[in-house]
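The block underneath contains the structure these notes are about, expressed in structure tokens.
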Amino acid sequence: MRKTTALRVAAAATAALLTATACSSRRGQDAQDTAAGGACKGQQTTGITDKTIKLGGIYPLSGPASAYGTISKGAAAYFKYVNDKGGIDGRKVQFIVRDDGYQPPKAVEEARRLVEQEKVFAVFQTLGTPSTAAVWDYLNKQKVPQPFVATGASVWGTDDQHPWTIGWQPNYVAEARVYAKYLQDARPKAKVAVLYQNDDFGKDLLGGFKKAVAGSGIKVVAEESYEVTDPSVSAQMASLARSGADVLLNVTTPKFGSQALAADAKNTKWNPLHIVNNVASSTAVLQPVGFKNVQGVVSATYFKDPADPQWAKDPEVKTYTNAMHKYAPDADPANQFNAYGWAVASSLHQALDAMKCPTREGLRDAVRNLKKVKVGMLLPGVTMSTGHGDAFPLETMQLMRFKGQRWQLFGKPVDTRKEFGPPAK
Amino acid sequence: MNTITTALGTDRARRPRAALTVLLTAAVAVGAPFYLAPFQVFQLTMVLLYAVALAGLNLLVGFGGQISLGHGAFFAAGAYTTAVMLDRYDTGHLATLPVAAAGCFLLGLGFGVPALRLRGLYLALVTLSFAVFLPPLLKRLEPVTGGSMGLTVDKLQPPAWSGLAEDQWMYFVVLAVTAVALLLARNLLRSRVGRALLAVRDNESAAEVMGVRLSLHKTLAFAWSAMFAGVAGCLYTWVIGFVSPDSFSFVLSITLLAGLVVGGLGSLYGPLLGAAFVMYVPSVSQDLSEAAPGVVFGLLIITVMFVAPTGLAGLPGRVLGAVARRLPRTTTTRAPIPEAAPAPDAEPESRAESGPPVTLTPADPAVVDAEPVGAPPRTEKE
Amino acid sequence: MTDLLQQVVEGLGSGAVYASLALALVLIYRFTGIVNFAQGELAMLSTYVAWQLVASGMPFWLALPVTLAVSFAGGMLVERIVIRPVQGAPELTVVIVTVGLFIFVNALAGLIWSFTVKDFPQPFPDGGLDLAGVRVDWSALGIIGVVAVVMGLLYLLFQHTSTGLVMRAVAGNPASARLSGIRVGRVLMLGWGLAATVGAVSGVLVAPVLFLEPNMMGGVLIYAFAAATLGGFDSPVGAVVGGLFVGVAETLTGAYVGVIGADLKVGVPLVIILAVLLVRPQGLFGRAAVERA
């Protein structure tokens, strides 16, 4: 019997394949549904019907970046909330979330699954620059919209070879410019030390900052990087302290943000103005450090912080909090990432409403022609705008300072496109 | 029907059995891309290329008896070599394969030299620390590697005359390379080099006495296995079209080793089974438990190790052996040792048959399973 | 000069963190001859247990002994359920089981407590000493102090108690030990329980500094391995000395060797491990092993 094992396995495999083909050939169903007639004739209607719309999302639910996975919960809560109210233009949303573990090959696999097996209307939100870069060629070739990717790399807006892909959040260069402008006003001769994560996010922000302060009195006098696999950044912080800078620009992700804030607080001999980037500005990052240790820290944001009592009576934030309790009870509504998910999902809702044709082409065009679209979760004064020559929906941020137990907005929202012009390619 | 099966089961029927097996396997392998959806074909393609990497690791770990927790580094080297050639030097895809293979072979030779002095645990630690060190190094070499943003290159495109879709063409190319690689691995093992490796694995001093040059063969084992991993990396770049340092973290190395051991060390089909495990289990576990696929994956690895300490490839043989043991007491019973699991060395022969192509001679040592692979020096070795 | 000393102090602080995990690694190795790749994750899990107790209202100084007890039991359980079944299997199988455990525990922690950073109580007072311009935090001194105490206790256990003798017998030659009437299984469970407890101490010390999240110990592991290799995998004193050395070497290299810089300083453990294994494989304090082939 043992001698024939190989033969039996081969025979079984053949039988399985034949059965599969007998039932239905999975190929040849590439022909997508197309719209019937009228102005929208010939456009793709895969994944959308009169009653339903199917969206896919690829997030890191496991692995080193899994802290961001909760964004999918915020977005999913929004879609469930909207479905209960009848859906988007009468269409109920089916939101399929897949895990890529922040690994590009997995992202490719999941994107293909979503497009070919699940036949989604759009791949809404791929998270992280590596995953997005790994799949955008494929999605553009397949003519599947990839709207509002969850990464702030500027390349999504400066590139013109991928019309089906577009970013959403203010890109890292825009954020850097906001800080540059703030320093130009508040500390025109600042000496800046920078701690940054050694990846596309950190480098993009640092590069944008350097470009924005070029030619001004502000100088970057020290820079230290760290890897996501490093246990701590205390050594880098000690090196930065030696530089004698009077401003610290903290370009980190949550855990390392906490470590850097704590290290700064502990070092009583060095008291720079501590600017922390938006990704690490959530109260969940500040709380472990101790609120009393982060007084005066500056950051910038573009959407309402659900932990901020200022918005407690805000109707959108109230809706969000209730929806989170109802649809995602194990997620923390005060977590800024969930609010981000809600904000981007509601932005997509606006874009879907604005579609001229209920087709993939319709969505692609709608996201590229947003005219000062207001979204409930965004700060007053922050709207989405895109158009010819502008592929960045959000470019406005407002500064905030930590005082007492919460962030307090100050100044006016800064439209970086107005102040600095479009990001360079 | 019964007569056919019994007839096929005899020794005399070896040739027709082998021929039939090969024929059916080839039919399935070639026919699959025409019937499966493109993304399933893509998954199969990934399985094949991971199998190449695992076949190389198998040479080193399963047959060479050395532990490597850093094989992802060779995979990355191959992937980046290919990507850089395609991106900076604009060479065609085919030209990148021999360069990646040769380059990684040399790299493996280089590694093999210090590896000579390290055994078991220590080699594992050194290889692991190298795997941890590689992504930052890749980022530092930004002018060449594109830094943390990575490199995007053109994927393999089907030529017009083939009439195939992109995923089908990629599948066939990878299938061809994989088949060649697996054949090469098999032939290596049956050659003098392979036999020397096995001798070294089983008993170093005896092998040395018999005239096997330890240093040469251990280094060669590293070199060959690195070459295979490099080829797999090259294929990866062809198929995915994007490389970045964070795609090749130490997690990849650990996953490769886990996949190999789960698939079956020291067996010829182990790499294929292991590659399938590594590819499909995370996807399937996502469907089962949306919340934490890692939980299922880790649990499955542990479970497979309990049920089949020598890997899945040996499982049918072990199961059948265990069944045979329970038959009427004409067979000698072996009482399980109280504190040990049914130790794998209790059933050497039932493990042996894992379904390799029947053209192997029965005495082929390639199928005997791995003994304790590398041990830290202990005060006694009784 | 003060800069250099300050960096050295930073290095000692990180080194103490590595040393604490290295102690747990050494314990497991001494008892069972196994290198446990999941040690850091188990320590992290214990830390979450402590956090959960505190978050549910228990005072920290009560939660701590409860956590240690739970970890001890947990370690014994892991040995019995996860490691025992593969006792006689090839070494590589056991390695892979610990790898699977690593993946499982990491994902489990993320599943139960999510990946958001948690607030963990700091047992040591804020602030620190100022010695001639060099700042030494209380927390760093506290970690070093606790680690030294644990090291001392372990040393006493191994060298001066009958349990220690039994453990050494089992680790050295399980077959003979069994023949001498030692309940090998019990001893192994005890070893894992102890290692888990030391790991819990490590986690609790480290969480206020590194901040508690499921990947907290992941980065520490490779440094702990380097520490244990340098000191000798069977010596608790070696683990601590090794840890401190690795910490200082890493910090100074990152700060002063421009070519390496902060991003490549993870190469330091690699170099240390390589150098030690090529020059003196048993480490600084380990016993030289004589192999009879």
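FYI, it's all coordinate maths here, none of it is from the lab. Bear in mind the structure is a predicted one, so any value in this text is a computation, not a measurement. All Cβ positions, even for glycine, are placed from backbone atoms using ideal geometry, and neighbour counts span all protein chains on display.
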Average Cα contact separation per residue, chain A, under 8 Å, 6 or more apart, as relative contact order % = 16
Per-residue HN-Hα couplings for segment A:335-343 [Karplus 6.51, -1.76, 1.60; θ = phi - 60°; Hz; x = Gly/Pro] = 6, 4, 5, 5, 5, 4, x, 4, 5
request  = May I ask for the angle, rounded to the nearest 10°, between helix A:315-327 and the longest principal axis of chain A, with both axes built from Cα atoms and the value confined to 0 to 90°?
outcome  = 50
inquiry  = Suppose every Lys and Arg Cβ carries +1 and every Asp and Glu Cβ carries -1, with no other charges. What dipole size does segment A:118-204 come out with about its Cα centre, to the nearest 20 debye?
reply    = 320
ask   = Out of segment B:193-298, which trypsin sites (Lys or Arg not before Pro) are coil in DSSP terms and have no more than 13 other C-beta atoms within 10 Å?
value = B:Arg213
inquiry  = Treating only the Cβ of Lys, Arg, Asp and Glu as charged (+1, +1, -1, -1), what charge dipole size does chain A show about its Cα centre? Round to the nearest 20 debye.
reply    = 240
inquiry  = How big is the dipole moment of the protein assembly as shown about its Cα centre under a simple scheme where the beta carbon of each Lys and Arg is +1, that of each Asp and Glu is -1, and everything else is neutral? Debye, nearest 20, please.
reply    = 1140
request  = Output the DSSP H helices from chain C with an along-axis C-alpha extent of no less than 27 Å and a mean Kyte-Doolittle hydropathy no less than 0.5.
outcome  = C:2-32, C:91-113, C:138-160, C:184-210, C:236-256
task = Calculate how steeply helix A:5-23 sits against the longest principal axis of the alpha-carbon atoms of chain A, using the helix alpha-carbon long axis, and give the answer as 0 to 90 degrees to the nearest 10.
result = 80
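Where Rh denotes the Kirkwood radius from the mean inverse Cα pair distance, what is Rg over Rh for segment A:147-271?
Here Rg/Rh amounts to 1.01.
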ask   = Say each of C:Leu165 and C:Arg183 gets a label point 7 Å from the Cα, pointing the same way as Cα to Cβ; how far apart are those two points in nm?
value = 1.9
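Checking a compactness column here: for segment A:353-425, what do you get for Rg(Cα) / (2.2 N^0.38 Å), N being the number of residues? Show your work: numbers first, answer last.
Numbers: Rg = 15.4 Å, N = 73, 2.2 N^0.38 = 11.2 Å.
The value comes to 1.37.
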ask   = Put +1 on the Cβ of each Lys and Arg and -1 on the Cβ of each Asp and Glu in segment C:2-217; which of C:Leu157, C:Gly142, C:Ala50 then has its Cα farthest toward the positive end of the dipole?
value = C:Leu157
inquiry  = What is the distance in Å between the Cα centroid of segment A:108-132 and that of segment B:248-312?
reply    = 24
key: Alpha carbon convex hull of segment C:154-275, projected area averaged over orientations, nm²   = 9.2
remark   = Across 10 Å bins beginning at 0, the whole-percent shares of Cα-Cα pair distances in the protein assembly as shown come to 2, 10, 19, 23, 21, 15, 8, 2, 0, 0
note = Dipole check, segment A:173-301, charges on Cβ (K,R +1; D,E -1), about Cα centroid: among A:Val285, A:Gly217, A:Val298 the Cα furthest to the positive pole belongs to A:Gly217
ask   = Percent antiparallel among DSSP beta bridges with both residues in the protein assembly as shown, to the nearest 5?
value = 45
inquiry  = With n ≥ 4 as the cut-off for DSSP H runs, can you work out [θ] at 222 nm for the protein assembly as shown, using -39500 (n - 2.57) per run divided by the number of residues, rounded to the nearest 500?
reply    = -18000 deg cm²/dmol
remark   = In this structure, among A:Lys255/A:Lys418; A:Lys143/A:Lys374; A:Lys255/A:Lys326, pairs with alpha-carbon gaps over 31 Å are A:Lys255/A:Lys418
remark   = Dividing the mean separation of Cα pairs under 8 Å (6+ apart) by the residue count of segment A:125-208 yields a relative contact order in percent of 26
task = Take every Cα-Cα pair in segment C:37-117 and report what % of them are more than 14 Å apart.
result = 67
message = Give me the base-10 log of I(q)/I(0) for chain C at each q in 0.09, 0.11 Å⁻¹, Debye formula, one uniform scatterer per Cα, rounded to two decimals.
response = -0.43, -0.65
query = At 4 °C and 1.567 mPa s, what whole-number value in µm²/s does Stokes-Einstein give for the translational diffusion of segment B:1-126, with Rh from the Kirkwood sum over Cα pairs?
reply = 70
remark   = Of the residues A:Leu195, A:Trp270, A:Leu240, the Cα lying farthest along the dipole of segment A:173-301 towards its positive end, which is defined by charges on the beta carbon of Lys, Arg, Asp and Glu, belongs to A:Trp270
note = At R0 = 41 Å the Cβ-Cβ FRET efficiency linking A:Lys403 and A:Asp330, nearest 0.05, sits at 0.85
key: Cα shape, chain A, gyration tensor, a/c 1.5 rule   = prolate
task = Return the lysines within reach of A:Lys356: Cα separation strictly under 16 angstrom, same-chain partners fewer than 8 residues apart disregarded; answer none if there are no such residues.
result = A:Lys41, A:Lys371
